[in-house]
Amino acid sequence: MDYLEYLLLGYLIIWPIYIYFTHEKEQQSVIAQPEKRLAVYRLTMLQLWVPVLLLMILVFQEHISMRDIGLQWHWGLANQIAMLGLVLVTGYFFLSLKQLSESPENHQAIRKQLAHIQWLMPTTRKESGYFIFGVSITAGICEELLFRGYLMNMLAEYMPMYGAVIVSSLAFGLPHLYQGAIHILRTALMGVVMALIYLATDSIIIPIVLHAVIDMYSGALAYLVYRAQPSDVFVENT
């Protein structure tokens, strides 16, 4: 392995450790000063793009190929089915948001579902723009390239594919520990689903787009239920 690859692996190992030691302070800082939420968004995007930059350097230097990380496309049946599924999921999310915007009586139930992560969710138009078009798209591209495209492929050289799927999915879940232990597992399960889609389509494109769409939906959902009374976000957290 090239030294940059060791650096990339080291980054992926150290990143969740860093989050473990800093997330509580970060959360309290945002609760005390909501304007810092944008800084958290920017930092999150930076933390994701730095390792992807290392990965792209490895691709440019031909230590890793585009095919190795799934950056390819096939117009096969699996991809056609996956694209249809993606369109249906996106349509469902759109209709769900439309219904929610017209039915404020459901907002409280959504707020309870988002309680574990409400301090981080957007409450203003500017924050929603950052989250939906910045953080969400960044997460879709970077996390899929890192954990499915790169890490799973690398692990598959040393263990059976099912083991690579499980380990890479757990590695994907760990940086989300700021959401609570149960959500590490939920995120890891999402990682397994993304890995299966990747394996079925032999392309990282659908997982990237689906991941981004899911995160964009979460950000839009949060904005709809928190924009009217953003102060309640901090009341519920204290």
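The values are calculated or read from the model by the stated rules, or taken from the named source; none is laboratory data. Computed from a prediction, not measured in an experiment: that's the story for all the values here. So basically every Cβ, Gly included, is an ideal-geometry build from the backbone, and we count neighbours across all protein chains shown. To get the accessible areas, we keep the full protein, side chains included, count just its heavy atoms, and leave off ligands, DNA and RNA. Shrake-Rupley method; radii C 1.70, N 1.55, O 1.52, S 1.80 Å.
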Query - Label selected from (1) 18.4, 56; (2) 21.6, 73; (3) 20.7, 68, the criterion being Rg and Dmax of the Cα atoms in Å as computed here - result: (1)
Report task. Calculate how steeply helix 3-32 sits against the longest principal axis of the alpha-carbon atoms of the chain, using the helix alpha-carbon long axis, and give the answer as 0 to 90 degrees to the nearest 10. Result -> 10 degrees
Report summary line: Low-density loop GluC sites (Glu not before Pro), segment 70-160, at most 11 other Cβ within 10 Å, DSSP non-H/G/I/E/B, are Glu157
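Taking only protein heavy atoms and a 1.4 Å probe, what accessible area per residue, in Å², does the chain have with all protein chains in place? Mind dumping the intermediate values first?
Working: 12360 Å² over 238 residues.
Here the per-residue accessible area is 52 Å².
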Report summary line: Taking a ≥ b ≥ c as the square roots of the Cα gyration tensor eigenvalues, with a/c under 1.5 meaning rounded and otherwise prolate when a/b beats b/c or oblate if not, segment 162-232 comes out oblate
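How big is segment 134-179 by the Kirkwood estimate over distinct Cα pairs, in Å? Please report the intermediate quantities before stating the final value.
Values: mean 1/r = 0.0911 Å⁻¹.
Averaging 1/r across every pair of different Cα atoms and inverting gives 11.0 Å.
On average, how much area does the Cα convex hull of segment 1-81 cover when viewed from any direction, in nm²?
Values: hull surface 32.3 nm².
If I average the Cα hull's projected area over directions, I get 8.1 nm².
Estimate the FRET efficiency between Val87 and Tyr3 by the formula 1/(1 + (r/R0)^6), using the beta-carbon distance for r and 41 Å for R0, to the nearest 0.05. Before the final figure, lay out the partial values.
Working: r = 43 Å, r/R0 = 1.04.
After rounding to 0.05, the efficiency reads 0.45.
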Requested in this report: Let me see the pair-distance distribution of segment 30-135: every alpha carbon pair, 10 Å bin width, integer percents in order.
Outcome: 11, 25, 30, 25, 9, 1
Report task. Report relative contact order for segment 1-141 in percent, whole number only (criteria: Cα-Cα under 8 Å, sequence separation at least 6). Result -> 40 percent
Query - Principal-axis tilt of helix 181-201 within the chain, Cα atoms, nearest 10 degrees - result: 50 degrees
Report task. Go through Asn79, Pro34, Ile14 and say which Cα lies farthest out towards the positive end of the charge dipole of the chain; charges sit on Cβ, +1 for Lys and Arg, -1 for Asp and Glu. Result -> Pro34
Query - J(HN,Hα) series, segment 151-159, from Karplus relation 6.51 cos²θ - 1.76 cosθ + 1.60, nearest Hz, glycine and proline x - result: 4, 4, 4, 5, 5, 5, 6, 10, 8
Query raised in the report: Can you give the angle from 0 to 90° between the axis of helix 37-60 and the longest principal axis of the chain, with both taken from C-alpha atoms, to the nearest 10?
Result: 10 degrees
